[in-house]
1. Tell me, in nm to one decimal, what length is gained between residue 157 and residue 179 on full extension, where the rule is 0.36 nm per residue of separation less the Cα-Cα distance?
2. State, as an integer percentage, the relative contact order of the chain based on alpha-carbon contacts under 8 Å between residues 6 or more apart.
3. Kindly state, to the nearest 0.05, the FRET efficiency for residue 67 paired with residue 3, given R0 = 25 Å and r defined as their beta-carbon distance.
4. Please determine, in degrees from 0 to 90 and to the nearest 10, the orientation of helix 278-292 with respect to the longest principal axis defined by the Cα atoms of the chain, where the helix direction is its Cα long axis.
5. Sort 295, 72 so the one with the fewest other Cβ atoms within 10 Å of its own Cβ comes first.
6. What whole number of Å gives the distance from the Cα centroid of segment 1-34 to the Cα centroid of segment 85-114?
7. So what is the calculated 222 nm ellipticity per residue for the chain, using -39500 (n - 2.57) for each DSSP H run with n of 4 or more, over all residues, to the nearest 500 deg cm²/dmol?
8. Give me Rg over Rh for segment 4-84, both radii from the alpha carbons and Rh done the Kirkwood way, two decimal places.
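Please treat every number below as a calculation from the coordinates, not as lab data. The shown structure was predicted, so the numbers you read here are calculated from the model rather than taken from an experiment. Neighbour counts are summed over all protein chains in view; Cβ atoms, including those assigned to glycine, are modelled from backbone coordinates with ideal geometry.
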């Protein structure tokens with residue numbers, strides 16, 4: 001790496017073409033300018049100027065170093081401008097959350113993206129463990145988790161909670177017994193078995209046989225398609241409220257409130273001690289808006 005101070009002195013010298021003017025512009029002595037030039041030539045390993053009396057011309061090496069000096073100066077100016085103008089509409093944002101929450105969040109991010117051509121928003125739907133790991137590794141700026149991670153390098157804010165819902169076709173008579181659900185059959189998905197052990201065991205403790213013994217009608221791993229068969233009258237499923245409300249044909253679904261209800265917390269998580277940029281602060285606001293729709 002070339003010495004930045006020597007390089008700037010040489011760049012000014014190339015602009016003024018005069019040692020005395022360079023010294024005055026940089027608040028240096030003329031011998032100081034000559035010393036910077038000599039040290040830079042030693043570092044480059046080549047002569048940078050060809051003296052002609054009191055004037056000089058640049059050698060080919062000098063011309064290349066002068067171009068580098070101008071480039072470095074421009075890059076530093078761009079950096080200062082970027083730091084000084086911390087805009088919410090420029091830069092990249094990496095957010096991770098569950099698939100169901102992503103279905104609610106993404107439509108709220110779209111107007112921001114449409115109005116901000118220099119903004120890049122990346123929304124990743126991932127399991128809880130992947131979100132936590134990504135936050136720690138710096139792959140995600142913000143994450144939405146179902147519990148406080150309680151980690152020394154992470155800090156979390158409770159956004160609220162969302163209900164775990166029993167979803168049935170619209171107009172279906174609510175189940176009185178677990179046998180009523182078995183008659184419909186379960187629409188399975190990767191998180192569905194965990195949800196079943198959580199909500200169905202709580203409400204049908206004497207009859208619920210465990211998720212692995214549920215009568216299946218279908219299975220799907222695309223979050224946006226999980227409610228589709230239920231909307232057509234095929235089976236029932238279990239989803240967080242966000243996955244239900246974001247479904248395009250919500251009117252074809254019925255959320256059945258069982259006697260004992262379950263909620264999952266929503267925590268907004270980021271790296272501890274990090275000063276958030278304007279765009280990340282704005283993203284936090286959009287995430288909080290999405291969570292508020294679930295109350």
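1. Between residue 157 and residue 179, full extension yields an extra 3.9 nm.
2. 22
3. 0.90
4. Once rounded, one gets 10 degrees.
5. Values: 295 10, 72 15.
Fewest to most other Cβ atoms nearby, the residues stand as 295, 72.
6. The two parts, judged by their Cα centres, are 47 Å apart.
7. Only helices count here, giving -13500 deg cm²/dmol.
8. On the Cα set of segment 4-84, Rg over Rh gives 1.00.
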